[in-house]
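Asker: Input: one structure, supplied below.
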Amino acid sequence: MIGFKQENGKLTCSFLNNMTTEACASCEDELFKKIREVKLPVAFDLSNVDYIASMFLSVCLSVMKEPGVGDFTLVNVRPNVKKVFKIAGLDNLIAII
């Protein structure tokens, strides 16, 4: 469900489908295990994601608080997903590229 790629001092996590509450719950442990293991800046690649549940917003905020991350960005965000971050007021807190 998540692809991990480490390059240029950054961990990119590619989500392969919509991030429903169930999808977030099923991948959260794997995601945080990898983030804690590598202790690098993190990018979430959302190119395959058309929908995010509120739990995904919580996951993003938790990643920002992880020791060692230092930098967290969202890349390849589709307009409808970007709108959710804007409505939640997180577009000023999380770098969206």
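The values are calculated or read from the model by the stated rules, or taken from the named source; none is laboratory data. Quantities reported herein were computed from a predicted structural model and do not represent experimental measurements. Cβ atoms come from the backbone with ideal geometry, glycine included; neighbour counts cover every protein chain shown.
Asker: Please enumerate the residues belonging to the stretch 59-92 that are part of a helix (DSSP H, G or I) and more than 10 Å from the chain's Cα centre (by Cα). I'd like the intermediate steps shown before the answer.
Answerer: Start the filter on the stretch 59-92 by keeping residues that are part of a helix (DSSP H, G or I), which leaves 59-65, 79-87.
K65, P79, N80, V81, K82, K83, V84, F85, K86, I87, listed by residue number.
Asker: Specify which of the listed residues (D91, D45) is surrounded by 15 or more Cβ atoms within 10 Å (Cβ to Cβ) and without any contact (Cβ under 8 Å) to a residue 12 or more places away in the chain. Step through it out loud before you land on a result.
Answerer: Numbers: D45 fails: without any contact (Cβ under 8 Å) to a residue 12 or more places away in the chain.
D91 is the lone residue from the list that is surrounded by 15 or more Cβ atoms within 10 Å (Cβ to Cβ) and without any contact (Cβ under 8 Å) to a residue 12 or more places away in the chain.
Asker: So, of the residues in the stretch 23-50 that are of a type in the set (D, E, K, R) and touching a helix residue (DSSP H, G or I) at 6+ places or on another chain (Cβ under 9 Å), which turns out to be nearest to G70 (Cα to Cα)?
Answerer: Applying the first criterion (of a type in the set (D, E, K, R)) to the stretch 23-50 yields 28-30, 33-34, 36-37, 39, 45, 50.
With touching a helix residue (DSSP H, G or I) at 6+ places or on another chain (Cβ under 9 Å) added as a condition, the list becomes 28, 50.
Details: E28: 19, D50: 27 Å.
Per the stated criteria, the residue is E28.
Asker: Just one of K86, K33, K82 is without any contact (Cβ under 8 Å) to a residue 24 or more places away in the chain and under 13 Å from I2 (Cα atoms); which is it?
Answerer: Details: K86 fails: under 13 Å from I2 (Cα atoms); K82 fails: under 13 Å from I2 (Cα atoms).
Within the list K86, K33, K82, the selection yields K33.
Asker: Between residues in the stretch 61-73 that are within 15 Å of E37 (Cβ to Cβ) and residues that are at pLDDT 90 or above and part of a strand (DSSP E or B), which pairs lie under 6 Å by C-beta distance while being six or more apart or on different chains?
Answerer: Between residues of the stretch 61-73 that are within 15 Å of E37 (Cβ to Cβ) and residues that are at pLDDT 90 or above and part of a strand (DSSP E or B), the close pairs are V63/V42; V63/F72; V69/V42.
Asker: May I ask you to say which residue of F56, F44 is outside any helix (DSSP H, G or I), closer than 22 Å to K82 by Cβ and among the aromatic types (F, W, Y)? Quick ask: steps written out before the conclusion?
Answerer: Numbers: F56 fails: outside any helix (DSSP H, G or I).
Unique residue meeting the criteria: F44.
Asker: Please work out which residue is farthest from the chain's Cα centre (by Cα), limiting yourself to the stretch 11-30 and to residues that are closer than 11 Å to M1 by Cβ and part of a strand (DSSP E or B).
Answerer: Here the answer is M19.
Asker: Quick check on my filter: what residues within the stretch 42-59 are polar (S, T, N, Q) and closer than 22 Å to Q6 by Cβ? Spell out how you get there, then give the answer.
Answerer: Keep residues of the stretch 42-59 that are polar (S, T, N, Q), which gives 47-48, 54, 58.
Residues satisfying the conditions are S47, N48.
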